[in-house]
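Trainee: Below is one structure. I have some questions about it.
Please treat every number below as a calculation from the coordinates, not as lab data. Small disclaimer: the values here were computed from a predicted structure and weren't measured.
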Amino acid sequence: MKKVLLFAIFASIILTGCIGGQQEEGQPENTWTSLIFPDINNEKRSKKHGIYPTLEQCQEASKKELQRLDLTTRGTYKCGLNCSYHEGMKLDVCESLSK
């Protein structure tokens, strides 16, 4: 499990350098993507909740979604800066992640 997590972190750092300057067409320069994790102990499984113009809006929306899903004690969230989907890895890669 630790090896997989380390690989995911390493891969996202490497890919961030490759695609960090690119933006998805139609998105503002800095956007925050809400990622909801139903199981706080399993960050492999996430639900993309929405894209927001500020970190604060992303955090607020993420907390509300956790409450709506009744996951406030079992789940968690992260907000990713300027995320884009990486087809090869089948996941969203973000410049940085924040809670």
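Trainee: List every residue whose amide H lies under 5 Å from the amide H of Y52, counting only residues 5 or more places away in sequence or on a different chain, with H placed 1.01 Å from N in the peptide plane.
Mentor: Here W32, T33, S34 satisfy the definition.
Trainee: Per 0.36 nm of contour for each residue apart, how much would the distance between N41 and E60 grow if the chain were fully extended, relative to their Cα-Cα spacing?
Mentor: Numbers: separation 19, 0.36 × 19 = 6.84 nm, distance 2.16 nm.
Length gained between N41 and E60: 4.7 nm.
Trainee: Per-residue HN-Hα couplings for the stretch 56-70, Karplus 6.51 cos²θ - 1.76 cosθ + 1.60 at θ = phi - 60°, whole Hz, x for Gly and Pro?
Mentor: 4, 5, 5, 4, 4, 5, 5, 4, 5, 5, 4, 5, 4, 8, 6
Trainee: Report ³J(HN,Hα) in whole Hz for each residue of the stretch 77-88, in order, from the Karplus equation J = 6.51 cos²θ - 1.76 cosθ + 1.60 where θ = phi - 60°; Gly and Pro get x.
Mentor: 8, 9, 10, x, 7, 6, 7, 9, 7, 9, 4, x
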